[in-house]
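The block underneath contains the structure these notes are about, expressed in structure tokens.
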Amino acid sequence: MRNVIVLLITMMALTMQGHNTKIKMSGTQTDTKKGQQVTIVNFEKLESILKKNDNKLYVVNFWATWCKPCVMELPEFMEVNKAYEHNPNFKMILVSLDLAKEAESDVKPFLIKHKIEADVYLLDDNKRMNQWIPAVDSHWSGAIPATVLYKNGKKLDFKESKLSKNELEQLIQKHL
Amino acid sequence: MNWNNLFKNIYKTNSMKKTGLIFCTILLMSSIVTVNAKKMETKVDYKGYKVGDTATDFKLKNVDNKLVSLSDYKDAKGFIVVFTCNHCPYAKAYENRIIGLNHKYAPKGYPVIAINPNDPKAEPQDSFEGMQQRAKEKGFTFPYLFDAGQKVYPQYGAKRTPHVFVLQKVNGKNVVKYIGAIDDNYSDENDVSNKYVENAVDALLSNKTIAVTSTVAIGCSIKAL
């Protein structure tokens, strides 16, 4: 009798473990699909990704792994992204300003560690900052974090500061 | 929360001696008020200088504990004022080039004056002691001043580190001639195509028009509470 109980408990434990593993695995797959990719782009390529005539609201955040206020606001950006990502008219994009040579060594491990689940591009266009910064917004001094909202190729809002979750949600609600 | 009313209450309390209950409430709220008041202070919308404006002088503490003002430099023709700091990777990437600028232009009448605009409460690495250490390590040959209370940088309109303001003395006034980045490649000083600051100072030294008077570049936001 005791053996039967032990066997039953073991079976139950194994089944539960299997179930958990399954969930974890699917979670990891999602991470791989979304968060762990860093696509290195120049400004023209980036613009072609952000300025599409597809009726989507693009919430674009310029950040870097070394930028403390950027890193501080990212968890709330991710919360907001989770809340809106199923909306077909919403897309959050993170633009890393880390060095391209640090994409594998610094940026990817950061994305995994901080569970970043948004599309991540690394803008590798250092020498033309003085051209593309004013192209994003004429008032941008170049300080990060900075967040810009586009829809149908049109810039709707620009914020050169750290945003709270509330401020970000208000911006999205205003333009979605 | 209506802050205006709260401030009004504070003033009323001072003048009319309101009840102890209100006073206690204010005491409880005071820490929050202090933080928010500071935030409001830094959010005052200083537009900062444009090229052609007259820059203010200042009296700020150098890493050697002496106070430094622009007016101390009787023989200078102008200044390369650099808002920079200890912690920011962009600022660090430019340290050698800032040293190089002072080496090249101080003898020609345009010394570098570096100012750390950051509040150490917001970024501990940018403490005055940290500045002293950094200046020693790097062998800074120019003043590295602490913007105590974060009073100077908003007047200039510095937004990030590093952020340069080239000033020229004109009839005793320090006129802003260039605002922006040091050059066009922070990550590789051997692959620079436009030395913005050098070009600006060279133009001033040879009485020519500065071709590019303002530029923007990615940098660390200034850390103030």
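Quick notes on this one:
- Checking the cross-link pairs A:LYS151/B:LYS121; A:LYS56/B:LYS92; A:LYS113/B:LYS223; A:LYS155/B:LYS223; B:LYS66/B:LYS169 against a 29 Å limit on the alpha carbon distance flags A:LYS151/B:LYS121; A:LYS56/B:LYS92 as lying beyond it.
- Stokes-Einstein D in µm²/s, Kirkwood radius over Cα pairs - region A:31-135 at 20 °C with 1.002 mPa s viscosity: 152
- The fewest-to-most ranking of B:GLU137, B:GLU95 by surrounding Cβ atoms within 10 Å reads B:GLU137, B:GLU95.
- Our note on the geometry: Cα centres of region B:57-126 and region A:113-167, 29 Å apart.
- Normalised contact order of region B:129-225, rounded percent, pairs of Cα under 8 Å and 6 or more residues apart: 24
- Order of A:SER161, A:SER105 - criterion: other Cβ atoms within 10 Å of each residue's Cβ, fewest first: A:SER105, A:SER161
- Counting DSSP beta bridges with both ends in region B:54-221, the antiparallel % (nearest 5): 70
- Length added when fully stretched, A:GLU44-A:HIS175, from 0.36 nm per residue minus Cα-Cα: 44.7 nm
- When the pairs A:LYS68/B:LYS50; A:LYS165/B:LYS47; B:LYS108/B:LYS208; A:LYS159/B:LYS159 are compared against a 21 Å limit on Cα-Cα distance, A:LYS68/B:LYS50; A:LYS165/B:LYS47 fall above it.
Just so you know, all these numbers are worked out from the coordinates, no wet-lab data involved. Small disclaimer: the values here were computed from a predicted structure and weren't measured. Reconstructed Cβ throughout: ideal geometry from the backbone, glycine too, with neighbour counts over all protein chains shown.
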